[in-house]
Structures are given as structure tokens and as C-alpha cells.
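Structure first, commentary second.
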Amino acid sequence: MKHITDFPTLPFGVLPTPLYKLENLSREFGKNIYIKRDDMIGVALGGNKVRKLEFLLADAKARGADVVLTAGGPQSNHAMLTAACAARVGMKSILVLKKRGEITSGNLILDNIFGAEVRLVDTDSYDVVYACMHRIMDELRRQGHVPYFIPVGGSVPLGSLGYVNCALEIAGQAEDLGIQFDAIVSATGSGGTYAGLTYGAKLFLPGTRSIGIGVCDDPFADIAYDLMQGAKELLESDVPVERSDIHIHYHIGPGYAIPSPEGCAAVRRLARSEGILADPVYTGKALAGFFQLLADGCFAEDEALLFVHTGGAGALFAVDMI
């Protein structure tokens, strides 16, 4: 089996990110609740995509790319972090984003600060967005550029290795704390983070369940399975991928990228109990789903539970909190 260090990366993140117990929420729920602060990863306002971009932009550089293109919604944390990381290595970034109204705040401001070229496409279909990206790439090639394509969320097997590596990091921190996590909970918006954590848990955290909270209605069980298979092949691992490893719950609310009352309440609860900010449409919805699982008695009283904070606080300044 290959080791993570066998793959070239670019050192964007300040790692390891903090991991500690949420004392107030633990008392409120009568559980042992910990948080992994990937919102404090050291790039822009933080977020999970930095771990993926360490692998993906290293691959882009190795292929001689000078322009990176990616996609997302107008408040995409992934797109913003792609712009930030691309700027650090001297690459131009083009962000092809779904247009929703005339929002020009939040992460769109940060996209501009990082020097990204933003193209808004009036569609809800990623097929349309990707077709636009390929047309832009063809034009760039005619101009003598070498473009590099990153799909929404950076959710490809190579990007998922960032969260296989995160699971290894968690294992080391858990050992230092003298605990074993029974479950890890994370937001699932494109599948790559969850897939990496789930396969990484199989490799480095035996006995730990990986639970994803889907924030849109994509078939994440199938998406995660395919991405895990891809990560397994890259690592040349003999540890099998099994569908029984995949645990997906959904908290979509009114729709993808639209705040939900429960998600906004979860954002306030985390802020007022622990002084931590989360966005209302990704991490906030994952928190809402996690809190619901806690309220429904889905965890034993003595279990140690880890919530992975995937960042995105910039969106707080672009959406109306319900």
C-alpha cells in the first residue's frame, strides 16, 4: 500500500488543525462531543477544501497548468479557497458559478480579493456549468494556456486523499488525548470529504463510524462508494470498500444552498455555547442534522463523537438568517 506522503502535495494548510472537546454542548446533550476545526486551517477563512487542493493543485502544477477552473454556487467556499490557493502558487483562477439572484457579497467579495475571474451562469444544472467550463478551456488552449479542471467541491479520488490524510491526523490526535472516537460526523455537499474520512477511518480508526449529513439531494451513498473505490485504487490498498461503511443522513431544508430554520438555529446554538461560527447552508445544516441525531438517541451516552467543522463562515455575510 502506498503512503499518503507518496503523493505530491502543496503545503497550503497549517496542520494539524485543532481538535478539542466542546464542553458546553457535551453537558447540554449528556455526551462526549469533540470538534475538528478545519475552519482554522490557515487559508482565507478556512475550510475543508484546502486539504483537497493540496493534492489537486500539486497535480495541476505537475501537468504544467497555468490556469485552474472550478465550479460551485455563488457562495461556494470551495471556489473561494481555490482562488486563494491558486494565487499562492501564481496560477490564474476562473470560477464558473451558478447564478442565484444578484448577490455580490460574502464569498463573492473574497473571490475578487483573491484575483479570481468569476463567470456567473444563470442555471441550476452543473451539466450546463461544466459545458461552459469546457468551452472556456478550449479558448484558453487556443491562447496557449494550459488549463486544469476541478469539478465542484474538488470531489475526485485524488482530492479525497486529503481527508484520508485527515483521518490519519485525527487518529494521532485521539491517541494524544487518550480517547477513541466512536463516530465522526461531517457535512456532505459533493461527497469527497465524506468519502475520504470514511475510507481513512477504515485504515486508521478501526471501529469508528463515519456519518455524513447530506445538504443536497444527491445520491451520496453511491457517490461516496465510487470515490472510496477510487481512493483505494490510488493507494493500492487491500482494505476493501463496503457499502456497510457508509452512513448518510440528510438535512436539506428548503433546498440546496438555501438556509433552513433548523440550520440557522444550530449556527446560533454553536455560537452561543462555544463561540464558534459556522455557515448556515453547509456546516450549519450538518450541525442541525447532528443535533437531531443526538436528540433522537442515535448515540450511546458514553460514546465519543467528533464533528468536523468544514468552514464556510464567509457565507454568513451573504444570506438572510431565518
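Got a sec? Which of GLY263, GLY253 is in contact with a helix residue (DSSP H, G or I) (Cβ under 7 Å, 6 or more places away or on another chain), surrounded by 24 or more Cβ atoms within 10 Å (Cβ to Cβ) and either outside any helix (DSSP H, G or I) or not β-branched (Val, Ile, Thr) (or both)? Quick ask: steps written out before the conclusion?
Details: GLY253 fails: surrounded by 24 or more Cβ atoms within 10 Å (Cβ to Cβ).
Among GLY263, GLY253, only GLY263 is in contact with a helix residue (DSSP H, G or I) (Cβ under 7 Å, 6 or more places away or on another chain), surrounded by 24 or more Cβ atoms within 10 Å (Cβ to Cβ) and either outside any helix (DSSP H, G or I) or not β-branched (Val, Ile, Thr) (or both).
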Checklist entry - Looking only at residues in the range 107-126 that are free of Cβ contacts under 8 Å to residues at least 60 places away in the same chain and under 20 Å from CYS216 (Cβ atoms), which one is surrounded by the fewest Cβ atoms within 10 Å (Cβ to Cβ)? => result ASP122
Checklist entry - Being at positive phi and surrounded by fewer than 15 Cβ atoms within 10 Å (Cβ to Cβ), is that true of even one residue in the range 29-36? => result yes
Checklist entry - Since TYR225 meets every condition but one in (1) over 23 Å from GLY284 (Cβ atoms); (2) over 19 Å from the mean Cα position of the chain (by Cα); (3) without any contact (Cβ under 8 Å) to a residue 40 or more places away in the chain, which condition does it not meet? => result (2)
Checklist outcome for this item: All-but-one check, LYS52 against (1) closer than 28 Å to ASP182 by Cα; (2) assigned to a loop (DSSP other than H, G, I, E, B), failing number (2)
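Going through the range 269-300 one residue at a time, which ones are among the charged types (D, E, K, R) and either more than 20 Å from ASN77 (Cα to Cα) or in the same structural domain as HIS78 (by TED's automatic domain parsing) (or both)? Write out each step before concluding.
Of the range 269-300, the ones among the charged types (D, E, K, R) are 269, 272, 274, 279, 285, 296.
Correct list: ARG269, ARG272, GLU274, ASP296.
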Checklist outcome for this item: Within the range 286-322, the count of residues that are part of a helix (DSSP H, G or I) and more than 24 Å from GLY13 (Cβ to Cβ) comes to 7
Next on the checklist: Checking the structure you have, find out if any residue of the range 32-43 is over 14 Å from the mean Cα position of the chain (by Cα) and among the basic types (Lys, Arg).
Outcome noted: no
Checklist entry - Of the residues in the range 228-250, how many are buried (at least 20 other Cβ atoms within 10 Å of the Cβ) and free of Cβ contacts under 8 Å to residues at least 40 places away in the same chain? => result 1
Checklist outcome for this item: (1) touching a residue at least 12 places away in the same chain (Cβ under 8 Å); (2) assigned to a loop (DSSP other than H, G, I, E, B) all hold for PRO206 apart from (1)
Next on the checklist: Among the residues of the range 72-83, are any surrounded by fewer than 22 Cβ atoms within 10 Å (Cβ to Cβ) and at pLDDT 95 or above?
Outcome noted: no
Next on the checklist: Quick check on the range 284-309: of everything there that is under 17 Å from the mean Cα position of the chain (by Cα) and over 20 Å from LEU205 (Cβ atoms), which residue is surrounded by the fewest Cβ atoms within 10 Å (Cβ to Cβ)?
Outcome noted: ALA288
Checklist outcome for this item: Every listed condition ((1) in the same structural domain as PRO259 (by TED's automatic domain parsing); (2) part of a loop (DSSP other than H, G, I, E, B)) holds for ASP39 save (2)
Checklist outcome for this item: By residue number, the members of the range 127-165 that are crowded, with 18+ Cβ neighbours inside 10 Å and either farther than 21 Å from ALA60 by Cβ or of a type in the set (Ser, Thr, Tyr) (or both) are TYR148, SER155, SER160, TYR163
Checklist outcome for this item: Considering only helices (runs of 4 or more DSSP H) wholly within the range 94-196, the ones with at least 3 residues that are in the same structural domain as GLU233 (by TED's automatic domain parsing), aliphatic (A, V, I, L, M) and over 16 Å from the mean Cα position of the chain (by Cα) are 157-177
Checklist entry - Can you name the number of the only condition in (1) part of a helix (DSSP H, G or I); (2) crowded, with 18+ Cβ neighbours inside 10 Å that ALA221 fails? => result (2)
Next on the checklist: Looking at the range 170-198 only, could you name the residues that are surrounded by fewer than 20 Cβ atoms within 10 Å (Cβ to Cβ) and either charged (D, E, K, R) or out of contact with any strand residue (DSSP E or B) (no Cβ under 7 Å at 6 or more places or on another chain) (or both)?
Outcome noted: ALA171, GLY172, ALA174, GLU175, ASP176, LEU177, GLY178, ASP182
Checklist entry - Residues of the range 252-282 being within 25 Å of ASP222 (Cβ to Cβ) and modelled with pLDDT under 95, which ones? => result ILE252, GLY253, PRO254, GLY255, TYR256, ALA257, ILE258, SER260, VAL281, TYR282
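The values are calculated or read from the model by the stated rules, or taken from the named source; none is laboratory data. Just so it is clear, the model here is predicted, and its values are computed rather than measured. Because the Cβ atoms are built from the backbone with ideal geometry, glycine has one as well, and the counts that use them run over all protein chains shown.
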